[in-house]
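The numbers here are math on the coordinates, done by the rules we state, and not lab data. All values reported here derive from a predicted model rather than from experimental measurement. Backbone-built Cβ (ideal geometry, glycine too); neighbour counts: all protein chains shown.
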Amino acid sequence: MTLATAQVLAQGAAVGAGETAAFWVLGPLALVGALGMVFARNAVHSALFLVLTMLCLGVLYMAQSAQFLGFTQIIVYTGAIMMLFLFVLMMVGRDSSDSVVEVLRGQRLWAGLGGIGLATLLVTGLARALTDVPVAAPLNPWNPQGGGAGGLGRLIFTDYLFPFELTSALLITACIGAMVLAYGGKGRGPKLSQKERANARFRSSRPSPLPGPGVYATTNSVAVPALLPDGSVAPESLSELLENLPADRLGEDRRAVAGETAAPDPHALTAGHHEESPEVPEQAPRADGNGSNNNNGHETEHVPSEEVRQ
C-alpha cells in the first residue's frame, strides 16, 4: 500500500462531528429499543420498541450515504409493515383495562428525553447543512457506493443472492414457528359430534331468548317487566343497562299481578283532567261500527298518568 492510498483511506475514514453526534444519539436509542423489544412483557410495547429501533437504523443508513435503504427502512418497514402489526396487536392482543391506566411507567420522562435528543440532532444537522456543507452532486442510481437503488439491487441478486434467499427462508420459518406456538395447544382432544356440541352450548345457560318487555302485559314500555304465561313477573325481562330502571318497583309489580294490591288503571286520566271533571264516573269505552272507541259521537283521548308505568 502506497502512501497516497493510505492518505485517501484515512480521509475517507474520517468521521465528522455531525456523524458522530448522530451515532451517539441514535445508537443508544436503537440499542434500548432492541432490548425493550426482547424483554417487554406486553406485545404492544414490544412492537413499539421495534419501531423505535427501525427508525434509528433508517436515519443511520442515510447518514452512511445509503439514502434508498434508509427511506425503505422508514417508509416500508416502519411505516407500513410494523404499523400493520401494531394495529393487529391493538385490536386482538390488548386488554380493555389497559386503556384507562398507564401501564408503561416513566414513559413520559423517557419520551421527553428522546424528543429533546431528536430535536437537538435535527437542529444541528440543519445548521450544518445550511452553513458549511457544499451542495452534493446528483446521485448515480447504478453506483452501489452512493446508495442507489440500481446498484443495491444488482449486488443483492448477484454477489449476495444466496444470503438474500436464505434470509427469506428464515423469515418464512419464523412465521410458521409463530403460528405453531400460538395455535399448538388448540384443537386437541376428541372430536365432538353435533349433538354433543349443542348440549355443551346449552348447558348451564338459558336455551330460549329472554322475554321482551311488555310480553303478556298491558303495555310495551321497557320499564315494565314482562309477564309469563302463568301470570308471574319475569325479572329478566328488564334491561340492566337502563340508568333509571325502576327495579325497586319490581316488588310492587309482583304484588299487583298476584292481586294483593289494586293494579293501576291504564285508562286513568292525568291530574289536570281530574281537576276539570272530577265527578265524571269512569265508563267503559264503546266500540262503534268502525271498531274505534266513541263517546257520544266524539273520540276521547286518554292521556296516561305519569305514575302509571305503561
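In table form, for the structure just shown:
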{"quantity": "Potential extension, Leu161-Val76 segment - 0.36 nm per residue separation minus Cα distance", "calculated": "28.5 nm"}
{"quantity": "Cβ crowding within 10 Å averaged over residues, with 59-67, 112-120, 19-27 ranked highest first", "calculated": "59-67, 19-27, 112-120"}
{"quantity": "Segment Ala17-Met179, length gained on full extension (0.36 nm per residue, minus Cα span)", "calculated": "53.7 nm"}
{"quantity": "Distant-in-sequence amide H partners of Val224 (H built 1.01 Å from N, under 5 Å)", "calculated": "none"}
